[in-house]
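Encoded as structure tokens, the structure appears first; notes follow it.
Computed from the coordinates by the stated procedures, all read-outs in this text should not be read as laboratory data. All values derive from a computational prediction rather than experimental measurement. Every residue, glycine as well, gets a Cβ built from its backbone with ideal geometry; the counts of neighbours run over all protein chains shown.
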Amino acid sequence: MNNNSRAMAQPGSESIWLWIGTLGMTLGTLVFVARGRGVRDEEQQLFYIVTTFITTVAAASYFAMATGLGLIEVTVAGQTLDIYWARYADWLITTPLLLFDLALLAGADRNTIYTLVGLDVFMILTGLAGALATSSPGVRIAWWAISTGALLALLYFLVAALSESAKRQPEDVASLAGTLRNMIIVLWLAYPVVWILGTEGTIGILPLYWETAAFMVLDLTAKVGFGLVLLRSRNILDEVNRPAAQRGRTA
């Protein structure tokens, strides 16, 4: 029986976590759509649109993985690894959107946004290269190191540039941006740890079952949790990029 069939057919396998991820992302999408109904301000609408697309893409990715579509086998040094390539397709779309949401909230300029997205895309693609590399475990770990280096550069830039932009926003907006920035830092730092300890890093301390569970929890928190925090107050979103004089008239 191939891996695709096994992932769908074996009760108690890692597919349970993929179905939970599918359900969680779908519910998150429905919540964000419901919250966005009645929003007329175009700048506010953009937050709801971007956040809804994040969980929509993630729900489709988890459905693909749960049904075996997003799974392939890679053989490294005689060891067969199960690689969920759909996870990387998800991250390639959703993580730039998460950064765009945060940059929009902080009032970042285009160059800051382009730099963050560029580093992010490089990080995901080099991580994918590590996941698909078949020559040796050492090569896979080298790609992991490159991807992790890109992540550290991204997070450094996130703190330096985005924090500076957020200072020009109203206090409530700056506080929310800081909370979301910290969420991204903590959660995203956990991803390479799970990768290197799991089956993809060939170390195998985390078996596929628990590796899949860990990635699912991180994804739900980083996407649905992020969205719930971001969209919790329309009043705060209404203050984004609003001139001080105008804020004073509406206070």
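For the list (1) in contact (Cβ under 8 Å) with a residue 12 or more places away in the chain; (2) in a helix (DSSP H, G or I); (3) not hydrophobic (A, V, I, L, M, F, W, C), I need the number of the one condition that T202 fails.
Looking at each condition in turn, T202 falls short on (2).
If the requirement is being under 22 Å from S147 (Cβ atoms), among the charged types (D, E, K, R) and touching a residue at least 12 places away in the same chain (Cβ under 8 Å), which of these qualifies: D90, D109? Steps first, answer last, please.
Numbers: D109 fails: under 22 Å from S147 (Cβ atoms).
Every option except D90 fails the conditions.
From the list A103, A89, A34, A60, exactly one residue is crowded, with 22+ Cβ neighbours inside 10 Å and either closer than 30 Å to V240 by Cα or of a type in the set (G, A, S) (or both). Which is it?
Details: A89 fails: crowded, with 22+ Cβ neighbours inside 10 Å; A34 fails: crowded, with 22+ Cβ neighbours inside 10 Å; A60 fails: crowded, with 22+ Cβ neighbours inside 10 Å.
When all the criteria are applied, what remains is A103.
Can you confirm whether V194 is part of a helix (DSSP H, G or I) and without any contact (Cβ under 8 Å) to a residue 24 or more places away in the chain?
It is false that V194 is part of a helix (DSSP H, G or I) and without any contact (Cβ under 8 Å) to a residue 24 or more places away in the chain.
Condition test on Y191, is it more than 18 Å from the chain's Cα centre (by Cα), among the aromatic types (F, W, Y) and within 22 Å of S15 (Cβ to Cβ)?
Values: more than 18 Å from the chain's Cα centre (by Cα): no; among the aromatic types (F, W, Y): yes; within 22 Å of S15 (Cβ to Cβ): yes.
Here the answer is no, as Y191 does not meet what is asked.
Being touching a Lys or Arg at 6+ places or on another chain (Cβ under 9 Å), surrounded by fewer than 15 Cβ atoms within 10 Å (Cβ to Cβ), touching a residue at least 60 places away in the same chain (Cβ under 8 Å) and not aromatic (F, W, Y), is that true of even one residue in region 133-156?
Yes - at least one qualifying residue is present in region 133-156.
Report yes if L197 is over 28 Å from A177 (Cα atoms) and not polar (S, T, N, Q), otherwise no. Please lay out each step first, then the result.
Details: over 28 Å from A177 (Cα atoms): yes; not polar (S, T, N, Q): yes.
In short, yes.
Given the criterion surrounded by 17 or more Cβ atoms within 10 Å (Cβ to Cβ) and either closer than 30 Å to T134 by Cα or not hydrophobic (A, V, I, L, M, F, W, C) (or both), identify the matching residue among T26, T75. Let's see the steps before the verdict.
On the way: T75 fails: surrounded by 17 or more Cβ atoms within 10 Å (Cβ to Cβ).
Being surrounded by 17 or more Cβ atoms within 10 Å (Cβ to Cβ) and either closer than 30 Å to T134 by Cα or not hydrophobic (A, V, I, L, M, F, W, C) (or both) holds for just one of T26, T75, which is T26.
T112 versus (1) among the hydroxyl-bearing types (S, T, Y); (2) closer than 21 Å to A77 by Cα; (3) crowded, with 19+ Cβ neighbours inside 10 Å: which is the lone unmet condition?
Unmet condition: (2).
For residues that are surrounded by fewer than 15 Cβ atoms within 10 Å (Cβ to Cβ) and of a type in the set (A, V, I, L, M, F, W, C), tally how many sit in region 158-184.
Of the residues in region 158-184, 2 are surrounded by fewer than 15 Cβ atoms within 10 Å (Cβ to Cβ) and of a type in the set (A, V, I, L, M, F, W, C).
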